[in-house]
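Heads up: the structure comes next, in structure tokens.
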Amino acid sequence: MRRNPHAIFATITASTLLLGGFATATAQAAPAKAESLYAPSALVLTVARGEDPMTATVERAVTLACAPTAQGTHPDPVSACKELAAVQGKFAELAAGPSNRTCTRQWDPVVVTAHGVWQGKPVRFSTTYGNACEMAGSMNDNAVFAF
């Protein structure tokens, strides 16, 4: 059997190009790690019907990310992030202060929750209100749970 040096060279060159191209494509397909100067702030906020946050029926839910820019499915992420920054991510302080709203004493419990990360620290917040009017009054019409 006679070997053709040109055919061998062509086969080696084609193999090198094919494997080299495959290695390049594979390297480009690997996800790049995002380096950020900001601590992560990404939350899922919910409003649900029921007394217990574990069994309540979720009626509305949004996402909110505040770093490096305010974004998410929240209808007003800029205002919500500003309000959270003002209370340093302490959701309980959003409800601080008296409400000027007059509400009925109807028992129709509403649970609000926040889960995720605020400036790199885990967040697990929930509180139950007697009804939606009490929730809105207690939150002083803050933007965080206004969705």
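If I filter the stretch 114-147 down to residues being closer than 18 Å to Ala65 by Cβ and among the small types (Gly, Ala, Ser), which single residue comes out as surrounded by the fewest Cβ atoms within 10 Å (Cβ to Cβ)? Here the residue is Gly120.
Going residue by residue through the stretch 92-113, is there one that turns out to be open to solvent by less than 20 Å² (accessible area, probe 1.4 Å), among the small types (Gly, Ala, Ser) and outside any helix (DSSP H, G or I)? The answer is no; no qualifying residue exists. Note on the stretch 51-80: among residues that are within 30 Å of Trp107 (Cβ to Cβ) and of a type in the set (A, V, I, L, M, F, W, C), the one that is most open to solvent (accessible area, probe 1.4 Å) is Met54. Residue selection: Val123 fails the criterion of being more than 13 Å from Ser41 (Cα to Cα), part of a strand (DSSP E or B) and not aromatic (Phe, Trp, Tyr).
The values are calculated or read from the model by the stated rules, or taken from the named source; none is laboratory data. In this text the structure is predicted, and so the values were computed from the model without any measurement. A quick note on method: Cβ atoms are made from the backbone with ideal geometry, for glycine too, and the neighbour counts reach across all protein chains shown. Note: accessible area is taken over every heavy atom of the protein model, side chains too, but ligands, DNA and RNA are not part of it. Shrake-Rupley method; radii C 1.70, N 1.55, O 1.52, S 1.80 Å.
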